[in-house]
Every structure is written in structure tokens, then in C-alpha cells.
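Derivation of every value follows stated rules applied to the coordinates shown; laboratory data play no part. All values reported here derive from a predicted model rather than from experimental measurement. Positions of Cβ are generated from backbone atoms using ideal geometry, with glycine treated the same way; all protein chains shown enter the neighbour counts.
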Amino acid sequence: MAGHIFGRSTRGQLPTAVAGDGCYIVDADGRRYLDGSGGAAVSCLGHSDAGVRAALHDQLDRLAFAHTGFFTSEPAERLADRLCAAAPEGIDRVYLLSGGSEAVEAAIKLARQYFLEIGQPQRHRVIARRQSYHGNTLGALAAGGNAWRRAQFAPLLVDVSHIAPCYEYRDRLEAESVDAYGQRAADELEAEILRLGPDSVMAFLAEPVVGATLGAVPAVPGYLRRIREICDRHGVLLILDEVMCGMGRTGHLFACEEDGVAPDMITIAKGLGAGYQPIGALLTSATIYDAIAAGSGFFQHGHTYMGHPMAAAAANAVLDAIEGRDLLARVRTQGDKLDAALRARLGQHPHVGDIRGRGLFRGIELVADRETRAPFDPARKLHARIKAEAVAAGLICYPMGGTLDGVRGDHVLLAPPFIIEDAQVEELTDKLSTAIERALA
Ligand code: PMP
């Protein structure tokens, strides 16, 4: 078909978005959709933020693009300084890119180059977790832990093995304490490092709060601290992927702050540009950067649009809004209200197994049987039905299917804009409950 977009969005099959208005997206027929998931945890400031629009107009009037091979730019330098100032201890170098997959790709390459430069070329393996998503480029795809996503592209370019995610609702044994479970989950990492041979492992990659694949599942308290200790013990770098859960989504600018853990690298994207510009970033320590600077002097990575002034201007305006309007506190209060509203409406539902998350990052797991926690038959495609019913009811949410391991069921991820009002929390909960009922009918 002439003019067909090669991808998912196809004229006639999906509504055509024409305008944004705060927490709503408006389509060509004038229908309004409450954006209960920020798209995919992207639109943290909603859709028509005056500050970001003004900053982008201003930057466009000054300078749209200057290649980083020749120039730096004021917005990029300012953004890097601000991210470093806000980041956990030890993180003080920033690499500005165009999205989440690029940031994960850069993290894997930076780890590899670091070990080459410090004379440990045998360290090339990555450990990640099952049911994880880290992006769709070849390296990031290799890191992700969904067998069905990886299978058709095997053999993949990076040697990655996968351990279990820290998923208390699904994996904790009846008699076991949360602490014992966190220890057991972390022990899996050490066992895997020992199995592979510690001298061959360069990095462990994980999301502090798992987003798309499991639906806002935070690690249990203490897990990340134990992971940090294990990585330190074996000289393995800890890379935290905060592409989805970072940039304030959980009520902290970086999700790992709540766990009191400082990784060696952090990837961010999505909320960084809040949908106003495509941007991602890799944050890392001076130790890693300096080893490369003192060695070959140059990180072998780079993209034409890295450090883009327009993207950096948008991200600076997002940080201005988060800081200037005290949005992290707002994420926490509105997040608590959303959690309470979800529990009131769905907490006793016979097919809602779990409601969890932090801040404005919430997940609801649907189960066939609340007692046994048995998931629905994947063939039923409950998640797809919920999505269709939600859209019909004027709600954008992010349902995902059972991850095909036969254990984990369907879930809905919620990640509304930080500016969500109380009445919109109610609207979201109402529409979601309606969509779930209709999908189950
Ligand atoms: N990491 C995580 C945790 C993500 O959720 C995503 C996107 N869903 C990515 C990486 C990839 O980001 P992008 O789609 O911007 O390439």
C-alpha cells in the first residue's frame, strides 16, 4: 500500500493522534484519551507542558543541531552537569544518546572497553534476568531475558546468561521471610558468576523496578544492596537500567536511590525527554571513564544525533519542571492515591492477584485463580482484550501478556503523567475497572 508506515502504526487501524492536552491525547475525531501509562512511561509531564514548549522554541531559534565531533553545546553541557549532580554517589560522567536501547548498547560496550583497557580482556560475559526487556537493538536484545524475542535473532552478539528476576509475589515460598527470599534471589547471581567463572563476567544488568515485562515489580528491600556486594566481591560492574523506572517515576529521580545502592552505570531515557524529544543517557563513574581516557583515550561509540541540543533543551526543561514544581513529592502523593484507588476498586477482585509498584509506576496482575495464582491461558490474550477495551473506554494503559513461561500471567502497567489530578486518578481507576470487566466477560 502506498504511504504505508513500515511498523506498527497504520492508518485506519489505530486512531490518529492530533493533539495533546495535559493528561489527555485527542484524536482526529475529537475523542479524548486519558493517558494512564504516559504511552510507555514516557510522558511524565503530560502532553502540552508550557515550560518544555517554550524551551524548545527558544532552542530552535538559537541552534537546532551542531555535530559533537566539532562542537559541544550549552544545553548538553548543562544537562550533563545536572544529571551528575543529581545521580547517586560515584556517578559523574554522562553520555547523551537518543533513546533507551542506545543507552543500554553503550553501557555494554563501555563495560567491554573498560575491561580491555585495564588488561582484563577475558571479561566479556553479561548476566541479566529472565523476563527482562532492555531494548531492541542487537546488543540490548541479547541482554533481554525473553526467549521468544531473542530466538529468531540467535546467535546473538553478546554472551548473556539469565537468572530469575526478584519477583516476590510469584517466587517467594510460603514459609520464607522477605529477607530470606531477597537473599536467595541475590544468591542466584553469585552462583551464576561462579558457574561462568568470575574472571569472565564483566557486568550484571537489571532494572531496579521491572517495568514492561512484569508490570512495576520492585525488588524486595535489601536485594539490590546484596547484588552490589556480590558484584564488588567478583569485580563485576553493576549496570542499572532505569530507562523506564528512572527520571522520577518511582518518586525518586533515580529508582535505585530508594534502595540506597549506587551502581557503576545507569541508563535512562523515556521520561528524560518526556516525549518532547527522543533522548537517552548513559551515566557512569569517573573510574570507568578515566581508565579509557588514560588508555586509548576514546570510547569507541558514537551516533550522529548524540548530545543533540534540542533533545538536551527538552531534558533541561523536564528537570526544571521536576525541581521547580516539586514533582517528586507529587509523584509520591498521587502515587499513594492511585494505589489506594486501585486497591479499593480491584483489591478484592477474584481475578486480580497482585497490585504493586512505587510512586506513579503501578502494576496489576490478573490471575485465573486468586488462590493458586494460576495465570489465564495465554491463548485467551487477556492483555490484548484489556488494551482494546481500555482504548474503547478512552484510556491508554499498558497491558502485557503472560511472558510465555506458563507461570506469570497478564498484567497492566500504569505510569500516568506526574501532573495527574485526583479526579483523573478516579477516572483512570474507573475506566480500567470497566475495561478489565469487559475483557473478562
Ligand atoms: N530498557 C528498558 C527497561 C525499557 O523499558 C526500554 C523500552 N521499553 C528500553 C530499555 C529500550 O528503550 P527504547 O525503546 O527507547 O530504545
Of all trypsin sites (Lys or Arg not before Pro) in the range 14-86, the ones in DSSP coil with at most 14 other Cβ atoms within 10 Å are Arg31
Suppose the chain between Leu157 and Ala340 were pulled fully straight at 0.36 nm per residue; how much longer would it get relative to their current alpha carbon spacing?
61.4 nm
What is the order of Met306, Met247, fewest Cβ neighbours within 10 Å to most?
Met306, Met247
Would you order Glu192, Glu102 from fewest to most other beta-carbon atoms within 10 Å of each residue's own beta-carbon?
Glu192, Glu102
On the Cα set of the range 207-356, report Rg and Dmax in Å, please.
18.1, 60
Mind checking which of Phe115, Phe361, Phe153 has the largest fluctuation in a GNM of the chain, springs on alpha carbons under 10 Å?
Phe153
Give, rounded to the nearest 20 debye, the magnitude of the charge dipole that the chain has about its Cα centre when Lys and Arg contribute +1 at Cβ and Asp and Glu contribute -1 at Cβ.
1040
7 Å from Cα along Cα→Cβ at both Asp320 and Arg195: what's the point-to-point distance in nm?
5.1
For Thr434, Thr250, Thr304, ascending order of other Cβ atoms within 10 Å (fewest first) is Thr304, Thr434, Thr250
Spin-label model distance (nm) - Ala329 vs Ala388, 7 Å beyond Cα toward Cβ:
4.6
Rotationally averaged projected area of the chain (alpha carbon convex hull; nm²)
21.8
Candidates Ala206, Ala294, Ala317: whichever shows maximal mean-square fluctuation once the chain is modelled as a Gaussian network with Cα springs under 10 Å:
Ala294
Positive-end residue of Tyr181, Ala415, Gly235, charge dipole of the chain with Cβ unit charges:
Ala415
In the chain, whole DSSP H helices that both stretch 24 Å or further along their axis by alpha carbon positions and average at least -0.5 on the Kyte-Doolittle scale are 100-117, 178-196, 327-346, 422-440
In the chain the DSSP beta bridges are antiparallel at a rate, in percent to nearest 5, of 65
FRET efficiency (Leu440, Asp27; Cβ distance; R0 30 Å; to 0.05) is 0.70
Looking at this model, which pairs from Lys270/Lys337; Lys387/Lys431; Lys270/Lys381 are more than 22 angstrom apart at the alpha-carbon?
Lys270/Lys337; Lys270/Lys381
Suppose every Lys and Arg Cβ carries +1 and every Asp and Glu Cβ carries -1, with no other charges. What dipole size does the range 372-434 come out with about its Cα centre, to the nearest 20 debye?
420
Give me the Debye-computed log₁₀ of I(q)/I(0) at q = 0.15, 0.24 Å⁻¹ for the range 363-441, equal point scatterers on Cα only, no solvent, two decimals.
-0.51, -1.10
Could you estimate the translational diffusion coefficient of the range 118-231 from the Stokes-Einstein equation, with Rh from the Kirkwood formula over C-alpha pairs, at 10 °C and 1.306 mPa s, in whole µm²/s?
108
